[in-house]
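Derivation of every value follows stated rules applied to the coordinates shown; laboratory data play no part. The structure presented is a predicted model; accordingly, all values stated were derived computationally and were not measured. Note: ideal-geometry Cβ built from the backbone for every residue, glycine included; neighbour counts use all protein chains shown.
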Amino acid sequence: MGKLFEEARQESCLKEMSEEERRNVMKSMSDNFEFQDDPKVGIFWYDPANDELFGVSTVNAGDLQFNRNGLKTISTLHKSWWQKQRNRALAQKKDPGIFTKDYTHIPRGRIFQKKDGVFQLMCGSWMNDRIEDLVKDEFDLRKVPLEITIDVHWEIGHGWSEDYQT
């Protein structure tokens with residue numbers, strides 16, 4: 001092993017795995033190979049300048065239970081995720097860049113799964129075939145039923161507000 005690793009090991013609780021531990025860890029990771037293409041639910045933003053998704057946060061749909069509204073999705077909210085990125089940059093004394101903007105000013109969407117097994121892409125009217133393809137690839141939705149629902153909540157400039165009534 002290298003000198004730096006040796007020094008770090010002496011100064012902390014670093015240790016090398018035994019052969020049995022390594023086999024168990026490798027087996028545990030390889031058990032996940034079959035789940036890599038499972039459909040996912042989650043959130044994303046779309047960057048038109050680079051034609052790519054970013055801020056993607058996903059969970060395999062099969063790992064979740066349906067919520068009381070009969071949907072599967074992640075608990076992360078766009079607003080919270082965005083604020084965390086801004087706070088992280090500021091805490092590290094870095095330029096928060098895009099995170100200085102309001103999170104609703106960037107195209108964003110969410111993937112749900114309904115009890116009937118259909119996946120639902122919730123987004124604004126900015127959605128097009130190219131972005132739909134990016135979402136299908138990112139969330140592994142090519143082999144499952146998918147419906148796209150346009151709603152004002154996901155339109156540019158819209159989102160949660162203090163006067164939101166349920």
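Quick notes
- Cα-only radius of gyration and Dmax that characterise segment 60-126, units Å: 15.2, 47
- Seen from THR76, the other residues with C-beta closer than 11 Å to its C-beta sum to a net charge of +3, counting Lys and Arg as +1 and Asp and Glu as -1.
- Sequence-distant lysines (8 or more away, or on other chains) whose Cα lies within less than 19 Å of LYS40: LYS72, LYS114, LYS115, LYS136, LYS143
- Taking label positions 7 Å along the Cα-Cβ direction at both ARG88 and SER57, the computed distance is 1.0 nm, reported to one decimal.
- For VAL56, residues with placed amide H under 5 Å, excluding near neighbours: TRP45
- FRET efficiency, ASN69 to ARG130 (Cβ-Cβ, R0 35 Å, nearest 0.05): 0.70
- Segment 31-93: radius of gyration over Cα atoms, expressed as a fraction of 2.2 N^0.38 Å: 1.39
- Surface/4 of the Cα convex hull for segment 38-154, nm²: 7.7 nm²
- Counting only Cβ charges, +1 for Lys and Arg and -1 for Asp and Glu, the dipole size of segment 38-154 around its Cα centre is about 620 debye.
- Projected label points at SER80 and ASP116, each 7 Å from Cα along the beta carbon direction, are separated by 3.0 nanometres.
- Surrounding net charge for VAL56, when Lys and Arg each add one and Asp and Glu each subtract one, Cβ distance under 14 Å: -1
- Seen from ASP116, the other residues with C-beta closer than 14 Å to its C-beta sum to a net charge of +2, counting Lys and Arg as +1 and Asp and Glu as -1.
- By other beta-carbon atoms within 10 Å, ranking ASP47, ASP140 with the fewest at the front produces ASP47, ASP140.
- Each of HIS78, HIS153 has some number of other Cβ atoms within 10 Å of its Cβ, and from fewest to most they run HIS153, HIS78.
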